[in-house]
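A short write-up of the structure that comes next.
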Amino acid sequence: MRRGCLNGSRGLRKLAYTTSLQGPKTDRAHWSRRETKKSDLHQQTTMSSKAKKANVTELPPLELIHPAKTVPNLAERLGSGEKYPELRKQLMTLLPELPSPALFVANSLALSAPGPDGGLPHTQTANTSPAAHLLLESLDRACSHHAPRLVFSVTLPRSRIEVREARAVASLLFMQAVVGDVLLDVRLVVRLAQTFGLDDTDLQAACGGARWRDALLRFCSALLESGNVAPPVALVLHFQLRELATISTLGTLVGAGQEGLAEEMASCLEPIVQRQLVQLLKQQESFKFAHRAVKKFKLETEFPEVRRMHYESSLAKLAGRQQWEVAAAMAGGDPVLQARLVRLMVEAGEVARAAEHHAAFNLPGDPPGGEEATRLMRLAAEQYLPLSLP
């Protein structure tokens, strides 16, 4: 494999093909009966009465399909209009009937993965990415088990496949995609790692050492720089790539408009990084997300001003849209926000409305109007009028 990992794409396909014929000991007798069952294929693929009503052809038993043809077959069915949820439902029934569903799925993905030149080991006429996602999702739902996983400072529920041969094929396919020896959609790369629950040991075995980490860091860094930020964040968290679990990465996410993703990532990191994120969101005037982060990370005592900044910003936006009743409801019983809303009404020329709300809020002082109202409206207007020419 290029850039340090072993067994190029040919090695991957050789491993997948070999395991598809051998597999675990429980597979061998089962797979040897495959040819004898082909005569039943026509009967197995006829449409049941329920399937006829749904206009969906039932999938044949997976033992009658070579792994190399599974993904192209599913891609063809999706391309012909068959529904993803219906095919997933069938796969979730068929996969557990195999002696090693995880190995079958890993081999199917490896044998249909395009090479760096776009060439495929087998004829394929459709985009296989949705089909590959379908196969992995079905395996995850039907055959994986829950295995809590440490993600930096928190433990999260995750999936895991325990079949050693399947993990070997999946980890090699994963690293092949990371270094570019095979071409996979980056979301599929993430799903592959998450479904099989790949870890450091798997990738070390695939690369013959610790070189996997440098390759994965380069892969994630390139994706972050390209603006495709969600997949690398998922990989940073999954493999605990501390080199990229930084405020700099969070800044990249905020700059890309992915404040929610930044909050999700920070929730797995240390409190100091969470506080840095709140500061960053304040600086970017992203007060809504700053307020949400303060609440999520329980930092109200450290950032008491964020709530006021969030609500004042929201009131200004509502005022700009003339949504006065919604703004009044947001101001609630807070005298500071109520006074701010009345001022916004005056600035917008809604003097009568401002006087009405001044009285309803029982605010101190004279109701807005007269010279003060005129002055406030003039100040507001000057923000939008062009400068006077000399």
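The values are calculated or read from the model by the stated rules, or taken from the named source; none is laboratory data. Values in this document were obtained by computation on a predicted structure and should not be read as measured data. Glycine gets a Cβ as well: all are built from the backbone with ideal geometry, and neighbour counts include every protein chain shown. In case anyone asks, the SASA skips ligands and DNA or RNA and just uses the protein heavy atoms, side chains included. Shrake-Rupley method; radii C 1.70, N 1.55, O 1.52, S 1.80 Å.
Please give the contour-minus-distance gain from Met330 to Leu183: 0.36 nm per residue of separation, less the Cα-Cα distance, rounded to one decimal in nm.
Extra length from Met330 to Leu183 when fully extended: 47.9 nm.
Given a Förster distance of 35 angstrom, what is the FRET efficiency for Asp200 paired with Arg321, based on the Cβ-Cβ distance and rounded to 0.05? Write down the numbers at each step before the final one.
Numbers: r = 51 Å, r/R0 = 1.46.
Calculated value: 0.10.
So if we plug the beta-carbon distance of Glu302 and Arg242 into 1/(1 + (r/R0)^6) with R0 = 25 Å, what FRET efficiency do we get, rounded to 0.05?
Details: r = 24 Å, r/R0 = 0.97.
Given R0 = 25 Å and the Cβ-Cβ separation, E is 0.55.
Excluding Pro335 itself, calculate the net charge of residues whose Cβ lies under 14 Å from the Cβ of Pro335, where each Lys or Arg counts +1 and each Asp or Glu counts -1.
Within the 14 Å Cβ shell, the charges total +1.
State which entries of Lys83/Lys296; Lys295/Lys317; Lys282/Lys317 exceed 28 angstrom in Cα-Cα distance in the structure shown.
Violating the 28 Å Cα-Cα cut-off are Lys83/Lys296.
If a/c stays under 1.5 just call it rounded; otherwise compare a/b with b/c (prolate if a/b is bigger, oblate if not). Do that for the stretch 118-234, with a ≥ b ≥ c from the square roots of the Cα gyration tensor eigenvalues.
rounded
Spin-label point model (7 Å from Cα, Cβ direction): what's the Ala256 to Gln284 distance in nm?
1.1
Could you name the aspartates and glutamates whose alpha carbon sits less than 13 Å from that of Lys89, not counting residues in the same chain fewer than 8 places away?
Glu58, Glu137, Asp140
What trypsin sites (Lys or Arg not before Pro) in the stretch 260-312 are in a loop by DSSP, with at most 12 other Cβ atoms within 10 Å of the Cβ?
Passing both the DSSP loop test and the Cβ count: Lys298.
Roll a 1.4 Å probe over the protein heavy atoms and report the accessible area of Asp200 in Å², nearest 10.
60
Under the Karplus relation 6.51 cos²θ - 1.76 cosθ + 1.60, θ = phi - 60°, what is the ordered set of whole-Hz ³J(HN,Hα) values for the stretch 98-115, x standing for Gly and Pro?
Whole-Hz 3J(HN,Hα) from phi for the stretch 98-115: 6, x, 9, x, 5, 5, 4, 5, 4, 5, 4, 5, 5, 6, 10, 6, x, x.
First measure r as the distance between the Cβ atoms of Arg141 and Ser226, then evaluate 1/(1 + (r/R0)^6) with R0 = 30 Å and state the FRET efficiency to the nearest 0.05.
0.45
Would you mind counting up the charge near Val229? Only other residues with Cβ under 15 Å from its Cβ, with Lys and Arg at +1 and Asp and Glu at -1.
Spelling it out: positives minus negatives among the neighbours equals -3.
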